[in-house]
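Below is one structure, written out as structure tokens, with a few remarks after it.
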2 protein chains.
Amino acid sequence: MTQRLDTILHGLEQADQHDALQRAIEALCAFYGVDHMVYHWVSGSGEQYGCGTYDDVWVQHYIDKQYLRVDPVISGCYQRFHPVDWKRLDWSSKAARAFQKDAIAHGVGNQGFSIPIRGPNGQFALFSLSHNCTDDEWDAFTETNRRDLILVAHYFNKKALDLEPGRSPEPSQPLSPREIDAMTLLAVGYSRAQVAETLTISEHTLRVYIESARFKLGALNTTHAVARALARGIIVV
Amino acid sequence: MTQRLDTILHGLEQADQHDALQRAIEALCAFYGVDHMVYHWVSGSGEQYGCGTYDDVWVQHYIDKQYLRVDPVISGCYQRFHPVDWKRLDWSSKAARAFQKDAIAHGVGNQGFSIPIRGPNGQFALFSLSHNCTDDEWDAFTETNRRDLILVAHYFNKKALDLEPGRSPEPSQPLSPREIDAMTLLAVGYSRAQVAETLTISEHTLRVYIESARFKLGALNTTHAVARALARGIIVV
DNA sequence: TGCCGTCTCACCATTTTTGGGGAGTTGGAA
DNA sequence: TTCCAACTCCCCAAAAATGGTGAGACGGCA
């Protein structure tokens, strides 16, 4: 079994096109005997890239309805490091339940398991499995295969990064220490006046930092700059 | 061999204290027969947390000298997703070579291998191995064990996050769809006027959304609200 | 030595955002 | 039915942010 996984991972490493990723995920799906498997890269400005076994209709529906904004799998994984069973996510909001119903109606299984993956420059992706079965069966399956799946997710993301270099945000010029200070304090809610006072510099000086940070980040305004700095992991709140 | 790894990972999952992590890393080091292994969490504000088999003198020296800013392993891994051999990093700067010399003088091996790890909220950590041997020996070793080591790194980081819950964001009231739209558009750089136009609502209405989102997120101003929404995964940019 | 990036400070006018009010509709939940 | 949350709209004045332009000092690097 582990031997087989090695073979699959090795094959994945050889993949040189999007098509190869798609074939690999279909092979994996069959190998593990689950209904669906999907790799979903959530990239900047709500653009998405991925491959998997979901019905095209569902994928398009997901995009059209902007379910990205509602999907508890996305927000739940975004806040987690370790893989998570969909049962353990927060489905309490009305929008989430409506989404869930819609998903099941489109062939997504009642069970699910997702692995968050993060790369440089704030890259974020998910590797998800979905299936129709009982809770006990699903728990047993995920317990057994979790480690292998983490590796699979890692290699899928590696390949996706290799094959789609344009999708990751251009690595921006690094910010200077003062610029990072400024961005960080703005991100925790300080006004410009407070930031200037905290850094014991004049507000005029502070403005220079903010502007230069904005320029380096290619941001249109302060809020945008802070959002980009956060998304790229340049600052941490 | 794989059986042994499972046992070690399982033991790691049971760890409930920093000490247990330290013992686990020592056991792993002995298991793989490498000179050093270290888990190193690099937090945003320059604080550091970790465990490993490096000499305490070297660790303190590293901190005192602020080698964090010079270390090519740090900057190299920060820009990569996949594990990397230290030989493949950029050691060309003068500071980097001085650092390397100092490191070897303090018992760090001539070979090294590091795995970048990223968690929520821009968390970043490294899992590194260091050894004294020839290039060929090291290449063979890393080739053989890379996948296992990725998993080990993952589980170390999971434990570190569990044991140091310093930055798990408190859950807040969910935002309404319109509030999410507003926050998202602000995060991608739109001005209030543009957001209002995009959502085809009056700017006054938009303000109500922003204010209520700010209230729900406990934010002091719009930038803060967007930063929190991003950090909590409520919006994705 | 000269260049470059960082850090520091200043003034102007304009645009944008914010904080304080109030008010009507809809659709789902109790 | 009643209530509440979400959605929509409006006014006014104060506070904050922005855009443009300019300049001196320091340290590292070639």
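The values are calculated or read from the model by the stated rules, or taken from the named source; none is laboratory data. All values reported here derive from a predicted model rather than from experimental measurement. No Cβ is skipped: glycine too gets one built from the backbone with ideal geometry, and neighbour counts run over all protein chains shown.
Which one is surrounded by the most Cβ atoms within 10 Å (Cβ to Cβ) among residues in the range B:87-106 that are in contact (Cβ under 8 Å) with a residue 40 or more places away in the chain and in a helix (DSSP H, G or I)?
Here is the first cut: in the range B:87-106, the residues in contact (Cβ under 8 Å) with a residue 40 or more places away in the chain are B:87, B:102-103, B:106.
Remaining after also requiring in a helix (DSSP H, G or I): B:87, B:102-103.
Details: B:Lys87: 13, B:Asp102: 16, B:Ala103: 22.
So the residue we want is B:Ala103.
Among B:Pro120, B:Pro165, which is more than 11 Å from chain A (Cβ to nearest Cβ), at pLDDT below 90 and under 20 Å from the mean Cα position of the chain (by Cα)?
On the way: B:Pro120 fails: more than 11 Å from chain A (Cβ to nearest Cβ).
None of the others qualify; the one that does is B:Pro165.
Sort through A:Arg80, A:Arg88 and tell me the only one that's on the phi < 0 side of the Ramachandran plot and more than 11 Å from chain B (Cβ to nearest Cβ). Step by step, each of A:Arg80, A:Arg88 is checked, and only A:Arg88 is on the phi < 0 side of the Ramachandran plot and more than 11 Å from chain B (Cβ to nearest Cβ). Of all residues in the range B:194-231, those satisfying the criterion of being in a loop (DSSP other than H, G, I, E, B) and either out of contact with any Phe, Trp or Tyr (no Cβ under 9 Å at 6 or more places or on another chain) or more than 7 Å from DNA strand D (Cβ to nearest atom) (or both) are B:Thr200, B:Ser202, B:Gly218, B:Ala219, B:Leu220. Restricting B:Val237, B:Val188, B:Val208, B:Val195 to those that are within 25 Å of B:Pro116 (Cα to Cα) and not assigned by TED's automatic domain parsing to the domain that holds B:Cys29 reduces the list to B:Val237.
A:Thr144 falls short on exactly one of the conditions (1) outside the structural domain of A:His10 (by TED's automatic domain parsing); (2) part of a helix (DSSP H, G or I); (3) without any contact (Cβ under 8 Å) to a residue 24 or more places away in the chain, and that condition is (1). Kindly indicate the residue of the range B:178-193 that is more than 12 Å from DNA strand D (Cβ to nearest atom) and in a helix (DSSP H, G or I) and also surrounded by the fewest Cβ atoms within 10 Å (Cβ to Cβ) among those meeting that condition. Checked the range B:178-193; the qualifying residue surrounded by the fewest Cβ atoms within 10 Å (Cβ to Cβ) is B:Ala193. Within the range A:120-136, if we keep just the residues that are touching a helix residue (DSSP H, G or I) at 6+ places or on another chain (Cβ under 7 Å) and among the small types (Gly, Ala, Ser), the residue that is farthest from A:Leu161 (Cα to Cα) turns out to be A:Ser128.
Total residues in the range B:208-237 satisfying the condition of being within 7 Å of chain A (Cβ to nearest Cβ) and within 11 Å of DNA strand C (Cβ to nearest atom): the figure is 7.
Per the listing B:Trp91, B:Trp58, B:Trp86, the residue uniquely in contact with a Pro (Cβ under 6 Å, 6 or more places away or on another chain), farther than 21 Å from A:Ile150 by Cβ and assigned by TED's automatic domain parsing to the domain that holds B:Leu161 is B:Trp91.
All told, B:Leu149 meets the bar of being more than 13 Å from DNA strand C (Cβ to nearest atom), more than 9 Å from every other protein chain (Cβ to nearest Cβ), farther than 28 Å from A:Asp71 by Cβ and in contact with a Pro (Cβ under 9 Å, 6 or more places away or on another chain). Within the range B:37-47, at least one residue is within 14 Å of chain A (Cβ to nearest Cβ), in a loop (DSSP other than H, G, I, E, B) and surrounded by 16 or more Cβ atoms within 10 Å (Cβ to Cβ).
Within the range A:62-77, being under 18 Å from A:Ile115 (Cα atoms) and more than 9 Å from chain B (Cβ to nearest Cβ) holds for A:Asp71, A:Pro72, A:Val73.
The numbered conditions (1) within 12 Å of another protein chain (Cβ to nearest Cβ); (2) crowded, with 20+ Cβ neighbours inside 10 Å; (3) of a type outside the set (Lys, Arg); (4) under 14 Å from the mean Cα position of the chain (by Cα) are all true for A:Gly50 except (1).
Mind listing whichever residues of the range A:204-220 are of a type in the set (A, V, I, L, M, F, W, C) and surrounded by fewer than 18 Cβ atoms within 10 Å (Cβ to Cβ)? Matches in the range A:204-220: A:Val208, A:Phe215, A:Leu220.
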